[in-house]
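The values are calculated or read from the model by the stated rules, or taken from the named source; none is laboratory data. These figures come from a predicted structure and were not determined experimentally. Positions of Cβ are generated from backbone atoms using ideal geometry, with glycine treated the same way; all protein chains shown enter the neighbour counts. Side chains included, ligands, DNA and RNA excluded: accessible areas come from the protein's heavy atoms. Shrake-Rupley method; radii C 1.70, N 1.55, O 1.52, S 1.80 Å.
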Amino acid sequence: MRKMLNTLYVTTQGAYLNKEGETVVVNIERETRLRLPIHTLSSIVCFGQVTCSPFLLGHCAENGVAVSFMTGYGRFLARVQGPVAGNVLLRRQQYRQADDLAASARLARMFVLGKILNCRTVMARAMRDHGGKVNADGIDKTLQVFSRVSRGLVNETALDNIRGIEGQAANDYFGHFNDLIVAQKADFVFAGRNRRPPLDRVNCLLSFLYSLLYHDARSALETVGLDPAVGFLHRDRPGRLSLALDLMEEFRPVLADRLALSLINLGQARKKGFRVLESGAVVMDDETRKTLLTEYQKRKQVEIEHPFLKEKLPLGMLMFAQAQLLSRYLRGDLDEYPPYLWR
Amino acid sequence: MYAEADYVMLSALQHYQYCPRQCALIHIEQIWAENLHTAEGRILHERADSREKGAKGCVRTVRTLPIRSARLGLSGQADVVEFHEDGKVFPVEYKRGRPKANRCDEVQLCAQALCLEEMLGVAIMEGALFYGRNKRRHAVFFDGQLRHLAEETVSQVHELFRTGVTPKAEYAKKCDQCSLMSACLPKSCTDARSVRKYLAGMLRGIDEKDAQHPVCDDSGRLSE
């Protein structure tokens with residue numbers, strides 16, 4: 001599997017980036033502050049007054065390193081990117097299958113299957129680790145429901161049924177989510193999913209983690225040449241990256257929910273790290289966000305064996321691997337799309 | 001006669017000879033990745049491709065010469081072409097590594113000769129392969145058999161591109177040397193692997209795990 005690459009964030013105002021051979025050089029006040037070999041980078045993000053030489057931009061485009069320019073406050077301005085990855089035959093196949101309800105259902109059930117089984121693993125692990133503290137009876141029943149539903153999903157062909165199963169499973173899962181919180185229970189109470197805006201600390205953590213996943217899913221799909229906006233489980237909606245949402249499903253429990261629970265249960269997230277606004281919306285402070293980002297990055301480094309590829313790779317590469325498997329399924333290399341199933 | 005839009009690249013012949021799936025991944029799927037082997041080859045060619053013209057005695061040497069054949073629908077570059085005083089045209093192709101057991105390098109060189117014959121209106125009887133490893137030239141004679149093999153490969157590549165269908169992977173030892181291995185997934189994208197079987201296995205695994213380690217003490221409830 002290919003290497004996990006880094007993103008270079010340049011926030012120093014007045015910085016100038018140029019190319020020297022195969023390296024990216026960061027100059028501040030005419031002094032070289034940093035040199036990075038281009039092959040270790042996946043992207044460069046420039047905030048505010050940061051400039052790049054045209055040769056560096058060209059070199060980045062050739063090497064598949066995306067360069068983004070943001071305002072000092074992080075609003076996206078522009079992006080320099082090389083040729084579109086992948087090929088038109090793949091994208092056409094994606095559009096054709098998205099237009100076809102039966103073909104969409106075939107893929108949608110796999111995204112949902114991955115989501116449900118991985119939710120199941122999150123719950124089963126909590127049972128194993130904190131058997132005495134959690135609502136064992138209710139969770140146990142849900143585990144059984146989830147494995148029964150999963151067996152049925154493999155042969156489900158109606159998109160509406162698949163969406164129904166997904167909705168019901170999400171209800172069951174989030175119905176037990178509060179039971180999986182075993183520490184700081186008074187400060188972190190989860191009574192259901194809300195996001196616009198998040199109205200409690202748990203939802204605040206989840207929403208932020210999901211937005212990280214969303215961005216990772218987008219770039220994984222773009223890297224393999226798929227259109228992140230055209231989905232199968234999620235239908236087209238302007239401004240929404242439906243395929244990124246599809247691909248995220250199997251990763252929500254593994255990369256986001258599990259991490260949110262650890263942050264709470266290990267006391268890395270604290271009540272005082274959140275603020276309740278006048279409207280009732282909950283936001284996290286910079287320190288909590290930094291802790292969360294650090295833990296997210298750490299989690300991405302963890303190596304796992306991919307159960308279908310039978311290859312070791314860091315968790316951070318999983319979405320890329322799944323995007324690749326999705327493109328191989330669409331090109332006819334695989335009999336179904338194999339969701340990532342966390343063990 | 002092919003339309004220019006339908007020309008295939010000379011390098012595709014080489015890729016096709018090595019592995020039809022690799023050829024499809026590069027030229028249809030537009031996937032490229034570099035590893036040690038491709039980087040070495042690129043550097044060797046960058047040196048050969050300096051587009052210098054040289055004259056050694058009565059031989060004029062041209063590097064990186066753009067060539068094509070409308071009859072075969074083929075275009076690309078010849079690394080080195082020697083123009084001898086007696087009118088002889090002599091193509092030389094640079095290769096990293098050592099001479100190979102199969103004829104893929106010869107096929108590529110022969111295809112270059114076919115292009116040059118068409119463009120220059122001459123007959124080209126021989127050329128040479130220069131291998132980086134032993135730094136030696138190996139003469140290649142463009143006999144009827146090799147010409148036939150080259151033309152056959154060209155039409156196979158055209159057929160592959162016309163259908164646009166990437167052949168299924170077949171894992172072989174050479175896959176470990178291929179820079180596209182991680183994009184190709186030769187162990188997973190074969191007819192032998194089935195996602196349905198993988199899913200069935202995973203579901204069975206969950207049932208077994210539940211049976212072995214009942215999550216609840218009351219294991220009776222698991223036999224639903």
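Using the Cβ of A:His176 as centre and a radius below 12 Å, the other residues enclosed give a net charge of -3, where K and R count +1 and D and E count -1.
Going by accessible surface with a 1.4 Å probe and the largest first, A:Tyr16, A:Tyr329 read A:Tyr16, A:Tyr329. Note on the stretch A:6-80: with charges restricted to the Cβ of Lys and Arg (+1) and Asp and Glu (-1), its dipole about the Cα centre is near 180 debye. Given the options A:Phe111, A:Pro83, A:Leu266, identify the residue whose Cα lies farthest towards the positive end of the charge dipole of chain A (+1 on Cβ of Lys, Arg; -1 on Cβ of Asp, Glu). Farthest along the dipole direction, towards plus: A:Leu266.
Compute the projected area of the convex hull of the Cα atoms of the stretch B:93-170, averaged over all viewing directions, and report it in nm² to one decimal place.
6.6
Taking amide H as placed 1.01 Å from N in the peptide plane, the amide H of B:Val140 sits under 5 Å from that of B:Gly127, B:Ala128, B:Leu129, each at least 5 places away or on another chain. Taking 7 Å steps out from each Cα toward its Cβ at A:Val145 and A:Asn161 produces label points 1.9 nm apart.
Projecting label points 7 angstrom from Cα along Cα→Cβ for A:Arg30 and A:Thr294 puts them 3.8 nm apart.
Each of B:Thr166, B:Cys189, B:Cys58 was scored by the projection of its Cα onto the charge dipole of the protein assembly as shown, and the greatest displacement toward the positive side belongs to B:Cys189; charges sit on the C-beta of Lys, Arg, Asp and Glu. For the protein assembly as shown, the average shadow cast by the Cα convex hull is 31.7 nm², which is a quarter of the hull's surface.
Between A:Lys312 and A:Ser211, the C-beta separation translates, for a Förster distance of 45 Å, into a calculated FRET efficiency of about 0.95.
Once backbone amide H atoms are built at 1.01 Å from N, B:Val59 has no partners under 5 Å, excluding neighbours fewer than 5 places away on the same chain. A Förster distance of 35 Å, applied to the separation of the beta-carbon atoms of A:Thr51 and B:Thr38, puts the FRET efficiency at 0.60. Keeping the other protein chains in place, figure out the carbon and sulfur percent of the accessible area of chain B, with a 1.4 Å probe. Here it works out to 53 percent.
A Cβ-based charge dipole, computed about the Cα centre of chain B with Lys and Arg at +1 and Asp and Glu at -1, lands at about 680 debye. Measuring r between the beta carbons of A:Thr40 and B:Glu85 and using R0 = 35 Å, the FRET efficiency lands at 0.10. Distance from the alpha carbon centroid of the stretch A:36-101 to that of the stretch B:163-205 works out to 29 angstrom. Mean sequence separation of contacting Cα pairs (under 8 Å, at least six apart), scaled by the length of chain A, corresponds to a relative contact order of 16 percent. Stokes-Einstein diffusion for the stretch A:6-80, with the hydrodynamic radius set to the Kirkwood value over Cα pairs and evaluated at 10 °C in a medium of 1.306 mPa s, equals 132 µm²/s. For B:Arg96, the amide hydrogen comes within under 5 Å of the amide hydrogens of B:Gly132, counting only partners 5 or more places away or on other chains and with H modelled in the peptide plane. Along its first, second and third principal axes, ordered by size, the stretch A:175-296 spans 44, 29, 29 Å in Cα coordinates.
To one decimal place, what Kirkwood hydrodynamic radius in Å is obtained for the stretch B:65-133 from all pairs of distinct Cα atoms? Every distinct Cα pair counted, the radius reaches 12.4 Å.
Pairs with C-alpha atoms separated by more than 20 Å, drawn from the list A:Lys312/B:Lys187; A:Lys300/B:Lys187; A:Lys310/B:Lys100; A:Lys310/B:Lys187; A:Lys115/A:Lys290; B:Lys174/B:Lys197, are A:Lys300/B:Lys187; A:Lys310/B:Lys100; A:Lys115/A:Lys290; B:Lys174/B:Lys197.
Would you work out if the stretch A:88-230 is rounded, prolate or oblate? Take a ≥ b ≥ c from the square roots of the eigenvalues of the alpha-carbon gyration tensor; rounded if a/c is under 1.5, else prolate when a/b is larger than b/c, oblate otherwise. The shape class here is oblate. For chain B, the fraction of alpha-carbon pairs lying more than 26 Å apart is 48 percent, rounded to a whole number. Using only side-chain charges placed at the Cβ, +1 for Lys and Arg and -1 for Asp and Glu, the dipole size of the protein assembly as shown relative to its Cα centre rounds to 960 debye.
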